[in-house]
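**Student:** This is the structure I have questions about; it appears just below.
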Amino acid sequence: MNSSLYSRRRFLAAMAAFCTGCRAPELSVKKPLAAHGIHYRECAQDSGLSYLWKAPGARPLDILGTIGNGCAFLDFNQDGNLDILLVGPQPALFAGDGKGNFTDVTRQTGLHRINGHFLGCAVGDFNNDGYPDIYLTAYEGGVLLKNERGSGFTEITKEAGIPAQPWGTSAAWVQLAPDDPWLSLLICNYVQFNAATQPRLCATNAVQGACGPSHYRPLYARLYQNHAGKRFQDVSEVWGMQDTHGKALGVACADYNHSGRQSICLANDGVAADLLENRGASFRNIGYQSGVCCDANGNFNGGMGVDWGDYDNDGKLDLAVATFQHQAKCVYHNDGNSLFTEMSGQLALADQGLAYISFGLKWLDCSNNGWLDLVLSNGHIQDNIHEADSSENYHELPLLFINQKGKRLVSAGAGAGSVFQKPIVGRGLAIGDYDNDGRMDILIVNSEGRPLLLHNETSQAGNWLQLQLQGTRSNRDALGASVLFHTGKQTRLRLCHTDGSYMSASDCRVHCGLDTERQAQCTIHWPSGLVEHTGLLHANRIVRVKEGSASSAMN
């Protein structure tokens, strides 16, 4: 550790003490290769996704009107094909056929019966019956939807013991202890805001528009412990949620320190970020001590989306946080011993993302070369910002940064597809392989338009493996499991999770690009604490692995 880094961490610790698919097209040699060989095609309407968002409220929008929505990839009926959930006042569910076609099944599954000011979603099997359930976050609300074994959903919020939230944003399902296989629910809350709140609008160059979060008092995340898949208990105070900073917009869970327990990162808007280290029966907030509370200069970020991923393949999970305009999009390198170094400057990411207000964010390996790339959805928070500043726009470009072997993250630009040339009001973002071809696809919320479904058509992608994990001692989805993919050349760490990003949920299958390697052996660290090894698995397959029987996994 260099002296300046050591001094900065001592300063932060002192502060803490003081503060006590489209159908896959036929590949053609006439089609030019995109920059870095990566190419995405937008095909939401062609695939059958008929949905339209329009930011609610009178214009200009206030902070509530501009918050946006989330989306999800999930396999609600367990047919092996990813489906799509789009969150809005009337949520919509589209069943996928694994060939790039989606059919609206909102009415058939009973989702047409619910309505509210819904914002985001969390996907996880809370009763361990093998079918993913959904929690929808909301302004002054929120609903828990029990999956009736793939035939539809039943709203059970009240009987499950989960109260309405004042302003729920992102949420996450998490296994709190190795010996507790039931997924508990963490719900982020944002700021105090209702019909009587003032100010509702603030001036930018004499033009009235949405105010920032500094004008409002914080709300705090709540933690609901799952009792045998039947009822939830508010354990927020017991677990130390009162020691967080509030105004949370993003949440991501992981065993980042190999403790055997799931810890939680909260991305907060305009105040210090929280890293909640799981101590067994409570959380200890080490945001300051760890270095993830702020950027490399000690400034607090407007944190939105957040995600764990090992970007440099050193076997430790790193952290990425989407931030506000004129702020670096932060990447915190996991140095071990619960210490992190913010690396956006060294990775050349800081300057490339400064002009954007970023919300959704996920690590993914676009080309299956074994290195995690980074995708972000962007959009301004003031719908009339162009009137206040002619150099700014409400609609912004989505961004894709290509990982150059853990040394730099370089913008792919328009070379990765025309979708990266079209500005949108980007908010939620999810990833998943919806046509099971081994190439990771992207789903993005456009708050003033239709969803974007980005089909990965990278023609020279490498080999890959996907694991579909099934917990027995752990939660059924195995959320929180980490998998080491061992090949002849390298070991890569990947995480089983649906959380991360912004108010969205992603495919829980564990995807790993293998580049030119044709097989891999996997070491699985289950949330229960069990460690298992598979035999050699052949590339370019989806492999089901059951906890306790990993050595017999075959493809």
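**Student:** Could you tell me which of rounded, prolate or oblate describes the range 338-382, using a ≥ b ≥ c as the square roots of the eigenvalues of the alpha-carbon gyration tensor, with rounded for a/c under 1.5 and, failing that, prolate when a/b is larger than b/c and oblate otherwise?
**Tutor:** Verdict is oblate for the range 338-382.
**Student:** Follow-up question, since we're still on this one. Rounded to the nearest 500, what is the chain's calculated 222 nm mean residue ellipticity when only DSSP H runs of at least 4 contribute -39500 (n - 2.57) each, over all residues?
**Tutor:** -1500 deg cm²/dmol
**Student:** With every protein chain in place, what's the accessible area of I114 (1.4 Å probe, Å², nearest 10)?
**Tutor:** Probe radius 1.4 Å; accessible area of I114 about 20 Å².
**Student:** Still on this model: Taking all protein chains as present, what is the carbon and sulfur share of the accessible area of the chain, in % to the nearest whole number, probe 1.4 Å?
**Tutor:** 49 percent
**Student:** How large is log10 I(q)/I(0) at q = 0.22 Å⁻¹ when the Debye formula is applied to the Cα atoms of the range 190-281, each weighted equally and without solvent?
**Tutor:** For the range 190-281 at q = 0.22 Å⁻¹, log10 I(q)/I(0) is -1.14.
**Student:** Accessible area of Y220, 1.4 Å probe, to the nearest 10 Å²?
**Tutor:** 90 Å²
**Student:** What is the dipole size for the chain, taken about its Cα centre, with +1 at each Lys and Arg Cβ and -1 at each Asp and Glu Cβ, in debye to the nearest 20?
**Tutor:** Approximately 260 debye in magnitude.
**Student:** Could you run the Karplus curve 6.51 cos²θ - 1.76 cosθ + 1.60 with θ = phi - 60° over the range 352-360 and give me ³J(HN,Hα) per residue in whole Hz, x for Gly and Pro?
**Tutor:** Karplus values, whole Hz, x for Gly and Pro: 5, x, 4, 6, 10, 9, 9, 10, x.
**Student:** Using the Cα centre of the range 276-419 as the reference point, and only Cβ charges (+1 on K/R, -1 on D/E), how large is the resulting charge dipole? Debye, rounded to the nearest 20.
**Tutor:** 400 debye
**Student:** Right, here's the next one. ³J(HN,Hα) across the range 199-206 via Karplus (A = 6.51, B = -1.76, C = 1.60, θ = phi - 60°), whole Hz, x for Gly/Pro?
**Tutor:** After applying 6.51 cos²θ - 1.76 cosθ + 1.60, I find x, 9, 10, 10, 8, 10, 6, 6 Hz.
**Student:** Using θ = phi - 60° and the Karplus relation 6.51 cos²θ - 1.76 cosθ + 1.60, list the HN-Hα couplings for the range 49-64 in order, rounded to whole Hz, with x at every Gly or Pro.
**Tutor:** Karplus values, whole Hz, x for Gly and Pro: 7, 9, 7, 9, 9, 9, 4, x, x, 5, 9, x, 6, 8, 5, 6.
**Student:** Please figure out what share of the DSSP beta bridges in the chain is antiparallel and state it in percent, rounded to the nearest 5.
**Tutor:** For the chain, the DSSP antiparallel bridge percentage is about 95.
**Student:** When a/c reaches 1.5 or more, the comparison of a/b and b/c decides; with that in mind, is the range 332-445 rounded, prolate or oblate per its Cα gyration tensor?
**Tutor:** oblate
**Student:** Among T534, T472, N81, whose Cα sits farthest toward the positive end of the charge dipole of the chain (+1 at Cβ of Lys/Arg, -1 at Cβ of Asp/Glu, about the Cα centre)?
**Tutor:** T534
**Student:** With point charges of +1 on the Cβ of Lys and Arg and -1 on the Cβ of Asp and Glu, referenced to the Cα centre of the chain, which listed residue (G336, T458, H380) lies farthest in the positive direction of the dipole?
**Tutor:** So the residue furthest toward the plus end is G336.
**Student:** Heavy atoms only, 1.4 Å probe, whole protein assembly: order R518, R222, R439 by accessible area, highest first.
**Tutor:** R518, R222, R439
**Student:** If you don't mind, there's one more thing I want to ask. For G240, enumerate residues with amide H under 5 Å from its amide H, sequence gap 5+ or separate chain, H modeled in the peptide plane.
**Tutor:** For G240, whose amide H was placed from the backbone, the distant partners under 5 Å are F283.
**Student:** While we're looking at this one, here's another question. Can you give the log10 of the normalised intensity I(q)/I(0) at q = 0.12 Å⁻¹, computed with Debye over equal Cα scatterers of the chain?
**Tutor:** Debye intensities relative to I(0), on a log10 scale: -1.12.
**Student:** Taking H as built 1.01 Å from N, whose amide H comes closer than 5 Å to the amide H of Q382, not counting residues under 5 places away?
**Tutor:** none
**Student:** For the range 37-167, what does the alpha-carbon gyration tensor say about shape, rounded, prolate or oblate, given a ≥ b ≥ c as the root eigenvalues, a/c under 1.5 as rounded, and a/b over b/c as prolate?
**Tutor:** Verdict is oblate for the range 37-167.
**Student:** Taking the Cα centre of the range 372-415 as origin, sum charge times position over the Cβ atoms of Lys and Arg (+1) and Asp and Glu (-1), and report the length of that vector in debye to the nearest 20.
**Tutor:** The calculated dipole for the range 372-415 is roughly 560 debye.
**Student:** For S447, S151, S259, give the ranking by accessible area with the largest first, probe 1.4 Å.
**Tutor:** Result of the area sort, largest leading: S151, S259, S447.
**Student:** Hey, can you grab everything whose amide H is under 5 Å from the amide H of S501? Only 5+ residues off in sequence or another chain; H modelled, so Pro and N-termini drop out.
**Tutor:** Correct list: V306, D307, L361.
**Student:** Using the Cβ atoms and a cut-off under 15 Å, what net charge is assigned to the surroundings of G270, where Lys and Arg are +1 and Asp and Glu are -1?
**Tutor:** For residues surrounding G270, the net value is -1.
**Student:** Okay, next question. Once the convex hull of the C-alpha atoms of the range 433-555 is built, how many Å³ does it hold per residue, rounded to a whole number?
**Tutor:** Hull volume over Cα atoms, normalised by residue count, gives 106 Å³.
**Student:** Stick to Cα atoms and the Kirkwood definition of Rh, then tell me Rg/Rh for the range 241-358.
**Tutor:** Rg/Rh: 0.94.
**Student:** May I ask you to list the lysines whose Cα is less than 27 Å away from that of K247, ignoring any residue fewer than eight positions away on the same chain?
**Tutor:** The qualifying lysines are K54, K158, K329, K362.
**Student:** Also, quick follow-up: Looking at the P(r) of the range 446-499, how many percent of alpha-carbon pairs lie beyond 16 Å?
**Tutor:** Counting pairs separated by more than 16 Å, the tail of P(r) holds 64 percent.
The values are calculated or read from the model by the stated rules, or taken from the named source; none is laboratory data. A quick note: this is a predicted structure, and the numbers were derived from the prediction, not measured. Note: ideal-geometry Cβ built from the backbone for every residue, glycine included; neighbour counts use all protein chains shown. Side chains included, ligands, DNA and RNA excluded: accessible areas come from the protein's heavy atoms. Shrake-Rupley method; radii C 1.70, N 1.55, O 1.52, S 1.80 Å.
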